[in-house]
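Sending over a structure as structure tokens; questions will come in a sec.
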Amino acid sequence: MARWLTMIWGRKVSSTVIGLVLVAICSASGTAFPDRPPAVPPSPPHANAATGSAAPTVSAVPTASAAPSVSAAPTASAAPGGPAGALPRPGEVGRIRARAGEALPVVSAIATKRKVVFLTIDDGWEQDPGFVRLVRERAVPITVFATRDAVEARGVPDPTAAGGRYVGAGKWSYFRELRDAGAPIEDHTLTHANLWRLGPDAQKHEICGSAKVIAREIGRRPVLFRPPFGNYTGTTLRVAKGCGLSAVLLWTASVQPGGKISYQTPDKRLHPGDILLLHFRAHLARDFRILLDKIERRGFALGDLSAYLRAGGVRLPAPSGGVPGNPPVG
Ligand SMILES: [Zn+2]
């Protein structure tokens, strides 16, 4: 919605103004989705990356085995330990930078002209075992943003599920299986808190606490952060950086049960570089197959998000780990 408003009003409109309008709209509508479209992206989705001067300072990953179709059978991994996903070509990805005065880059979409999109799955209240098999068997590149309370089936269950329920949740082993299938498990807070309402210490507890739990349970410290509801402040960015995270990831479209895509753009189409948001639902495997077929029919490939972020200059560990400052945690 903010993207739409920004397009209507032009890029000079301050994010504060958009934020105030959106607060009013969201308050009036009384929505309570666990993740809804980013409420206050600080900029249009592509504004963090200058497409005109696409000259990544970080070496792009070789593209020899890039761009499998979305239905690619399991093949040699494009990246060690990860599934085959489209890899960026040299010079393809625009530079990704933090905005002036902000501690971390905030990424809603990847600046590329190539028909590639990225899949992210959030929370963890409902853990469909068929989804893990699908990711493994079709080598689908996904990025997971896990919420501790969802994964461990504590606190208030998914407010959008009928009656609120957990399905199969309570196990980090589900996320270890996803890790083994090549999915990075990233930070999405401890309790799915609305960070707009929290001070610095409480935000630190949510974000650093989540990073610590994931490191302990998954064996790797997260490097990306997604704020619940897309709600964050400048404090969030400083805190997240202090927790060792390298970028904040938002999204450009969400996927509803049944594989239906809810676009944030007026033209209701997929765009190169879009980041799609899904949730761990009871029938995720079924919905995911529908989505994969839809993406393929439209001629898009699925990209390796970490490789694209790295090509844009975001400091992330190499696929094999070991970049100073982000050591793997055993
Ligand atoms: Zn969420």
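Inspect all residues belonging to the range 134-151 and state whether any of them is modelled with pLDDT under 95, of a type in the set (K, R), within 15 Å of the ligand (Cβ to nearest atom) and surrounded by fewer than 24 Cβ atoms within 10 Å (Cβ to Cβ).
Looking through the range 134-151, at least one residue is modelled with pLDDT under 95, of a type in the set (K, R), within 15 Å of the ligand (Cβ to nearest atom) and surrounded by fewer than 24 Cβ atoms within 10 Å (Cβ to Cβ).
Within the range 196-216, can you find the residues that are closer than 13 Å to Y232 by Cβ and β-branched (V, I, T)?
I207
Go through the range 236-253 and report how many residues are in contact (Cβ under 8 Å) with a residue 40 or more places away in the chain and more than 16 Å from V107 (Cβ to Cβ). Spell out how you get there, then give the answer.
The first filter runs over the range 236-253 and keeps only residues in contact (Cβ under 8 Å) with a residue 40 or more places away in the chain, leaving 236-238, 240-241, 243-252.
Adding the requirement that they be more than 16 Å from V107 (Cβ to Cβ) leaves 238, 243-244.
The qualifying residues number 3.
Would you confirm whether any residue within the range 161-176 is away from the ligand (no atom under 16 Å from the Cβ), at pLDDT 95 or above and over 23 Å from L250 (Cα atoms)?
Scanning the range 161-176, I find at least one residue that is away from the ligand (no atom under 16 Å from the Cβ), at pLDDT 95 or above and over 23 Å from L250 (Cα atoms), so the answer is yes.
Right, something else. List pairs: first in the range 173-202 and within 16 Å of G244 (Cβ to Cβ), second surrounded by fewer than 20 Cβ atoms within 10 Å (Cβ to Cβ) and of a type in the set (D, E, K, R), Cβ under 7 Å, 6+ apart or cross-chain?
I185/R179
Filter the range 192-208 for residues that are assigned to a loop (DSSP other than H, G, I, E, B) and buried (at least 18 other Cβ atoms within 10 Å of the Cβ); which is farthest from the ligand (Cβ to nearest atom)?
That would be L198.
Now for a separate question. Report, by residue number, each residue of the range 297-315 that is buried (at least 23 other Cβ atoms within 10 Å of the Cβ) and either within 16 Å of the ligand (Cβ to nearest atom) or assigned to a helix (DSSP H, G or I) (or both).
L305, S306, A307, Y308, L309, R310, A311, listed by residue number.
Going by the structure shown, is D128 modelled with pLDDT under 95 and either within 13 Å of the ligand (Cβ to nearest atom) or buried (at least 24 other Cβ atoms within 10 Å of the Cβ) (or both)? First the steps, then the outcome.
On the way: modelled with pLDDT under 95: yes; either within 13 Å of the ligand (Cβ to nearest atom) or buried (at least 24 other Cβ atoms within 10 Å of the Cβ) (or both): no.
The answer is no for D128.
Within the range 210-224, track down each residue that is within 16 Å of the ligand (Cβ to nearest atom) and touching a residue at least 60 places away in the same chain (Cβ under 8 Å).
S210, V213, I214, L224
The values are calculated or read from the model by the stated rules, or taken from the named source; none is laboratory data. Being a predicted model, the structure only gives us computed values, none of them experimental. Counting neighbours? That spans all protein chains shown, and the Cβs are built from the backbone with ideal geometry, glycine included.
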